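Trainee: Mind looking over this structure? Questions follow.
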Amino acid sequence: MKGQEKKNVWTKKIVVVACIVAAVGSYFCIPSVKSTLDEIFQMFASGDFTVVGEFVESYGVYAAAVSFLLMILQSVAAPLPAFLITFANANLFGWWQGAILSWSSAMAGAALCFWIARILGRDVVERLTSKSGLRQIDDFFEKHGKMSILIARLLPFISFDIVSYAAGLTSMSFWSFFVATGIGQFPATIVYSYVGGMLTGGAKLFVTGLFVLFGLSALIVLLRQIYMERQKGR
């Protein structure tokens with residue numbers, strides 16, 4: 001029985017690693033994939049959700065599917081800003097339809113991060129996020145116990161994606177994680193979608209500016225943590 005379990009674990013690892021290698025390989029080997037991903041990263045870097053909305057809208061009847069995939073991409077490739085997609089969805093599809101799309105796609109992204117961590121382990125997750133970021137979430141989990149996921153989802157300044165990865169490294173069941181994530185993420189998605197659906201003109205620029213400032217601050221903190229880790233390693 002144990003031999004079969006080990007075989008299943010290795011099979012899962014091989015499948016996930018193969019998918020990652022295929023994704024990275026397609027970026028470097030297929031020009032159309034590279035140009036599309038470069039456009040997506042530049043779009044996120046702009047900090048303007050109208051740019052995201054225009055990109056999504058350009059796919060016509062497939063716009064919702066593209067938005068769904070974008071949310072999953074930002075989940076795996078933390079720390080791309082998810083709120084840009086949420087705001088764009090609210091503007092394109094209406095606030096409540098956009099909220100449903102944003103919530104469901106964020107749930108899919110969270111589940112993917114959880115299983116990547118559970119299958120590939122801490123070493124891979126540390127490369128996708130950061131050692132210090134994971135340690136902070138570990139301490140948060142230890143402090144709050146079973147309520148950790150629900151509390152983390154209700155706090156906007158805690159990284160959604162790192163929490164998902166960190167949860168996969170614990171012994172908690174997937175469904176406990178998934179239900180807590182769904183309940184905790186719902187209020188924030190409703191608020192962001194409602195606000196995003198009303199943003200126009202100066203208000204849009206003001207709120208977008210605030211989120212860009214917050215995102216840059218978070219990025220500076222993350223880069224500093226990575227630098228400090230490398231210095232300690234040396």
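Trainee: State all residues of region 159-168 that are out of contact with any Asp or Glu (no Cβ under 8 Å at 6 or more places or on another chain) and over 17 Å from W103 (Cα atoms); if no residue qualifies, say none.
Mentor: I162, Y165, A167, G168
Matching residues to (1) in contact with a His (Cβ under 6 Å, 6 or more places away or on another chain); (2) in contact (Cβ under 8 Å) with a residue 12 or more places away in the chain:
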{"position": "T129", "(1), (2)": "no, yes"}
{"position": "F141", "(1), (2)": "no, yes"}
{"position": "G145", "(1), (2)": "no, no"}
{"position": "I151", "(1), (2)": "yes, yes"}
{"position": "L154", "(1), (2)": "no, yes"}
{"position": "F160", "(1), (2)": "no, yes"}
{"position": "V163", "(1), (2)": "no, yes"}
{"position": "A167", "(1), (2)": "no, yes"}
{"position": "S173", "(1), (2)": "no, no"}
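Trainee: Can we say L92 is surrounded by 13 or more Cβ atoms within 10 Å (Cβ to Cβ) and under 29 Å from S130 (Cα atoms)?
Mentor: no
Trainee: Here's a follow-up. Scan region 101-129 for residues that are within 28 Å of P187 (Cα to Cα) and among the β-branched types (V, I, T) and jot them down.
Mentor: Answer for region 101-129, where residues must be within 28 Å of P187 (Cα to Cα) and among the β-branched types (V, I, T): I116, V125, T129.
Residue-by-condition table, conditions (1) among the aliphatic types (A, V, I, L, M); (2) in contact (Cβ under 8 Å) with a residue 60 or more places away in the chain; (3) surrounded by 14 or more Cβ atoms within 10 Å (Cβ to Cβ):
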| position | (1), (2), (3) |
| --- | --- |
| V16 | yes, yes, yes |
| V21 | yes, no, no |
| E39 | no, no, no |
| A45 | yes, no, no |
| F55 | no, no, yes |
| L101 | yes, no, yes |
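Trainee: So, in region 17-72, exactly how many residues are assigned to a loop (DSSP other than H, G, I, E, B), more than 24 Å from A110 (Cα to Cα) and not hydrophobic (A, V, I, L, M, F, W, C)?
Mentor: Here the count works out to 2.
Trainee: Test V76 against the criterion of being closer than 18 Å to I119 by Cα, of a type in the set (V, I, T) and surrounded by 14 or more Cβ atoms within 10 Å (Cβ to Cβ), and give yes or no.
Mentor: Yes; evaluated as a whole, the condition is true for this residue.
Trainee: For region 138-192: of the residues being among the polar types (S, T, N, Q) and more than 14 Å from F83 (Cα to Cα), which is modelled with the lowest pLDDT?
Mentor: S148
Trainee: Give me the helices (runs of 4 or more DSSP H) completely within region 112-185, filtered to those with at least 2 residues that are more than 30 Å from V21 (Cα to Cα), ordered by residue number.
Mentor: 131-144, 148-154
Trainee: Please pick out the residue among V125, V66, V76 that is modelled with pLDDT under 90, over 12 Å from the mean Cα position of the chain (by Cα) and aliphatic (A, V, I, L, M).
Mentor: Exactly one residue qualifies, and that residue is V125.
The values are calculated or read from the model by the stated rules, or taken from the named source; none is laboratory data. Only a predicted model underlies this, so the values are computations on that prediction, with no experimental measurement involved. Reconstructed Cβ throughout: ideal geometry from the backbone, glycine too, with neighbour counts over all protein chains shown.
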